[in-house]
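Worksheet for the structure shown next.
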Amino acid sequence: MTIYYIKTTYCHGEAMEPERNNYDTDSLAAFMKLGIVILSIIAIVGYGIRIIPKAVTVSNYGARKERPIYSVDTQEKKVALSFDCAWGNDYTKKLLKLLDIHNVKATFFMTGDWVDEFPEYVKEIAEAGHDIGNHSENHMYMTQLSPEECTDEIMKVHEKVKDLTGIEMKLFRPPYGDYDNMLIRTAKDHGYYSIQWNIDSLDWKDYSAERIVKQVVNNKNLDNGSIIRMHNGARYTLDALSLIIEELRDMGYELVPVSELIHTGNYYVDQSGRQYAK
């Protein structure tokens, strides 16, 4: 079958002999089929581009943000003193003596290296009735590690403390305060509450004792349920400690270990890191 395309031309306003061009209908049909295929591919690709990012976005948006505990919601005027033990031991014995004099129980977060170097102090801290917390084996930036490596960092020091004291630690403080969802979930999988702080004494900067005291007691974040971070090896912590305890008590606060401050039943942590009982 042949179709005709008639083209009429004009010369000086008069019609000339029509021209006839013919096209094979089979060729035309094949061309049309090819066009349909190409348009279909474009439509499918375009639709995929439009919907795939939307699916990824929904997945990311729905991801739950895991947060450690920075402070605790409580009606009681209670705060917790905590000490990170990652280096040095020059002041630990005197710190323990001061805490005993003031009848204060605190929380000591220890690295595996510190436990290895000062096992007798680990025992002494435990025997004095203070909390012992996990501060990782090697004090690394754990967000740069795999889940398996994080487990090793947590559980190696866990076993060391257990062997020395019989204590199954339940409190974990990420080194440098550095964390992500994976780390918090890994710690939780091993029975740990991840603990940060909402008041940093900044004693690690070797400020004067007076400045450390002001940093704590005049802190705008100081409130019921606050967790205060200090260091056993910082230069002026010992000089500041008695004043901090006395001033906090004058303000009506009771000092308790972290284990007595946090909610251990059903709870949630809000965007600011404050823990609430459900």
Going through the stretch 192-214 one residue at a time, which ones are of a type in the set (D, E, K, R) and either assigned to a helix (DSSP H, G or I) or on the phi < 0 side of the Ramachandran plot (or both)?
200, 203, 205, 210, 211, 214
Got at least one residue in the stretch 186-207 being closer than 24 Å to residue 100 by Cα, β-branched (Val, Ile, Thr) and surrounded by fewer than 21 Cβ atoms within 10 Å (Cβ to Cβ)?
no
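Quick one: is residue 143 touching a helix residue (DSSP H, G or I) at 6+ places or on another chain (Cβ under 9 Å) and surrounded by fewer than 21 Cβ atoms within 10 Å (Cβ to Cβ)?
Values: touching a helix residue (DSSP H, G or I) at 6+ places or on another chain (Cβ under 9 Å): yes; surrounded by fewer than 21 Cβ atoms within 10 Å (Cβ to Cβ): yes.
So residue 143 fits the description; yes.
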The condition from (1) over 18 Å from residue 271 (Cβ atoms); (2) touching a strand residue (DSSP E or B) at 6+ places or on another chain (Cβ under 7 Å); (3) surrounded by fewer than 16 Cβ atoms within 10 Å (Cβ to Cβ) that residue 221 misses is numbered (1)
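Do we have any residue at all in the stretch 232-247 that's among the hydrophobic types (A, V, I, L, M, F, W, C), out of contact with any His (no Cβ under 7 Å at 6 or more places or on another chain), assigned to a strand (DSSP E or B) and surrounded by 15 or more Cβ atoms within 10 Å (Cβ to Cβ)?
So in the stretch 232-247, the residues among the hydrophobic types (A, V, I, L, M, F, W, C) come out as 234, 238, 240-241, 243-245.
The next check asks that each one be out of contact with any His (no Cβ under 7 Å at 6 or more places or on another chain); those that pass are 234, 238, 240-241, 243-244.
From what's left, assigned to a strand (DSSP E or B): none.
No, the stretch 232-247 contains no residue that is among the hydrophobic types (A, V, I, L, M, F, W, C), out of contact with any His (no Cβ under 7 Å at 6 or more places or on another chain), assigned to a strand (DSSP E or B) and surrounded by 15 or more Cβ atoms within 10 Å (Cβ to Cβ).
Each value in this text was obtained by applying a stated rule to the coordinates, not by laboratory testing. None of these values were measured; they are calculated from a predicted model. Glycine gets a Cβ as well: all are built from the backbone with ideal geometry, and neighbour counts include every protein chain shown.
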